[in-house]
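Q: This is the structure, below, for whatever I ask next.
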Amino acid sequence: MSVIQVEQLTKRYGDVLAVDGIDFTVAQGQTVGLLGGNGAGKTTTIAMLLGLLIPTAGRIRILGHDMATNRFAALARMNFSSPYVSLPHRLTVRQNMRVYGNLYNVRGLDRRIAELSAELDLGAILDRPAGQLSAGQKTRVALAKALINRPEVLLLDEPTASLDPDTGDLVRSWLERYRTETGCTILLASHNMAEVARLCSHVLMLKKGRVVDSGSPEALLARYEREDLEEVFLDIARDRRQAVDA
Ligand code: ATP
């Protein structure tokens with residue numbers, strides 16, 4: 001069953017066609033990667049899936065709900081993390097988690113905060129104001145916030161941006177574990193090709209608002225006769241060559 005269904009999704013900002021009639025689905029438990037250069041339309045797509053931006057055209061269904069008419073039923077079972085959304089600065093990490101936990105009506109909130117704090121190593125920063133954290137600490141807090149309601153659908157916009165390699169690896173392992181334990185469906189926008197190759201079973205290559213290629217990481221490597229996804233990305237971004245069987 002498709003948990004996320006996107007049809008002919010379009011967003012126009014004045015003269016800029018940020019997302020240009022894209023179609024894709026994400027099946028239950030699948031992790032799909034959204035790749036593309038700066039300005040390709042990844043963040044705009046995620047913002048529309050979250051209902052933060054109204055599409056110019058097209059249709060989004062998540063968990064069976066039409067996001068134009070019935071988004072709140074789906075939003076309660078979703079969550080997201082994005083480096084572009086900052087948490088209220090003066091509230092401590094714990095207070096932030098309480099605010100978001102209450103918004104999602106999380107039961108046993110103190111226990112949930114303690115669990116996430118242990119898993120994401122937030123103990124030392126729980127009682128510090130969110131505005132005083134380093135970029136990497138903010139990223140971990142953003143992930144904890146994204147998991148506060150045990151979402152069935154996770155939209156992750158660059159979830160490991162600004163994490164050091166060790167912490168980035170811990171976060172990826174932790175996402176894998178969360179996915180295995182819960183069957184969570186994930187859409188992941190990332191510039192980290194190793195991360196995408198590790199986490200995603202399917203990849204959408206976005207360029208100027210369009211899906212210009214898609215497939216499993218293995219299928220893309222074979223099609224472009226490349227050994228890593230970074231090279232495939234560069235081939236597509238620079239129009240260097242077409243897929244071998246295109
Ligand atoms: P990045 O990798 O740099 O984060 P992205 O793939 O997330 O890029 P978007 O942020 O979705 O790209 O932007 C897609 C296009 O829409 C860009 O051309 C951008 O300049 C434009 N755009 C985004 N937000 C707005 C806005 N509020 N008003 C006008 N144009 C916008």
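Q: Just a yes or no: is a residue in the stretch 160-179 within 16 Å of the ligand (Cβ to nearest atom) and either on the phi > 0 side of the Ramachandran plot or without any contact (Cβ under 8 Å) to a residue 60 or more places away in the chain (or both)? So that I can check it myself, show each step before the final result.
A: Our first condition is that a residue be within 16 Å of the ligand (Cβ to nearest atom); within the stretch 160-179, this holds for 160-162.
Those left that are additionally either on the phi > 0 side of the Ramachandran plot or without any contact (Cβ under 8 Å) to a residue 60 or more places away in the chain (or both): 160, 162.
Checking the stretch 160-179: at least one residue is within 16 Å of the ligand (Cβ to nearest atom) and either on the phi > 0 side of the Ramachandran plot or without any contact (Cβ under 8 Å) to a residue 60 or more places away in the chain (or both).
Q: A further question follows. Can you work out which of the residues in the stretch 180-203 that are in a helix (DSSP H, G or I) and closer than 19 Å to residue 25 by Cβ is farthest from the ligand (Cβ to nearest atom)?
A: Pass one, the stretch 180-203, residues in a helix (DSSP H, G or I): 180-182, 193-199.
With the extra rule that they be closer than 19 Å to residue 25 by Cβ, the set shrinks to 196, 199.
Details: 196: 13, 199: 18 Å.
That would be 199.
Q: Is the stretch 35-42 home to any residue that is in a strand (DSSP E or B) and more than 13 Å from the ligand (Cβ to nearest atom)? Give the steps one after another, and end with the answer.
A: So in the stretch 35-42, the residues in a strand (DSSP E or B) come out as 35.
Narrowing the set further to residues that are more than 13 Å from the ligand (Cβ to nearest atom) leaves none.
Checked the stretch 35-42: no residue is in a strand (DSSP E or B) and more than 13 Å from the ligand (Cβ to nearest atom).
Q: Does residue 51 satisfy the condition of being of a type in the set (Gly, Ala, Ser), within 16 Å of the ligand (Cβ to nearest atom) and under 17 Å from residue 183 (Cα atoms)?
A: It is false that residue 51 is of a type in the set (Gly, Ala, Ser), within 16 Å of the ligand (Cβ to nearest atom) and under 17 Å from residue 183 (Cα atoms).
Q: Residues of the stretch 88-104 being part of a loop (DSSP other than H, G, I, E, B) and within 22 Å of the chain's Cα centre (by Cα), which ones?
A: Correct list: 88, 104.
Q: While we're looking at this one, here's another question. Are any of the residues in the stretch 57-70 part of a strand (DSSP E or B), away from the ligand (no atom under 16 Å from the Cβ), under 17 Å from the mean Cα position of the chain (by Cα) and surrounded by fewer than 18 Cβ atoms within 10 Å (Cβ to Cβ)?
A: Step one: filter the stretch 57-70 for residues part of a strand (DSSP E or B), giving 57-62, 65-66.
Okay, now just the ones that are also away from the ligand (no atom under 16 Å from the Cβ), so 59, 61-62, 65-66.
Add one more test, that the residue is under 17 Å from the mean Cα position of the chain (by Cα), and what stays is 61-62.
Filter once more, keeping what is surrounded by fewer than 18 Cβ atoms within 10 Å (Cβ to Cβ): none.
Checked against the condition, which is being part of a strand (DSSP E or B), away from the ligand (no atom under 16 Å from the Cβ), under 17 Å from the mean Cα position of the chain (by Cα) and surrounded by fewer than 18 Cβ atoms within 10 Å (Cβ to Cβ), the stretch 57-70 yields no hits at all.
Q: Step by step: first the residues of the stretch 1-34, then only those that are part of a strand (DSSP E or B), of a type in the set (S, T, N, Q) and buried (at least 16 other Cβ atoms within 10 Å of the Cβ), then the one that is farthest from the ligand (Cβ to nearest atom). Which residue is that?
A: 2
Q: Got at least one residue in the stretch 27-44 being in the same structural domain as residue 229 (by TED's automatic domain parsing), more than 30 Å from residue 238 (Cβ to Cβ) and modelled with pLDDT under 95?
A: Taking every residue of the stretch 27-44 in turn, none turns out to be in the same structural domain as residue 229 (by TED's automatic domain parsing), more than 30 Å from residue 238 (Cβ to Cβ) and modelled with pLDDT under 95.
Q: Please go through the stretch 180-190 and pick out each residue that is surrounded by fewer than 18 Cβ atoms within 10 Å (Cβ to Cβ) and touching a residue at least 60 places away in the same chain (Cβ under 8 Å).
A: The answer is 183, and nothing else.
Q: Now, a different point. Does at least one position in the stretch 73-89 carry a residue that is surrounded by 14 or more Cβ atoms within 10 Å (Cβ to Cβ), farther than 26 Å from residue 141 by Cα and within 12 Å of the ligand (Cβ to nearest atom)?
A: The answer is no; no qualifying residue exists.
The values are calculated or read from the model by the stated rules, or taken from the named source; none is laboratory data. Keep in mind that what you see is a predicted model, and the values were worked out from it rather than measured. FYI the Cβ positions are ideal-geometry reconstructions off the backbone, even for glycines, and counts take in every protein chain you see.
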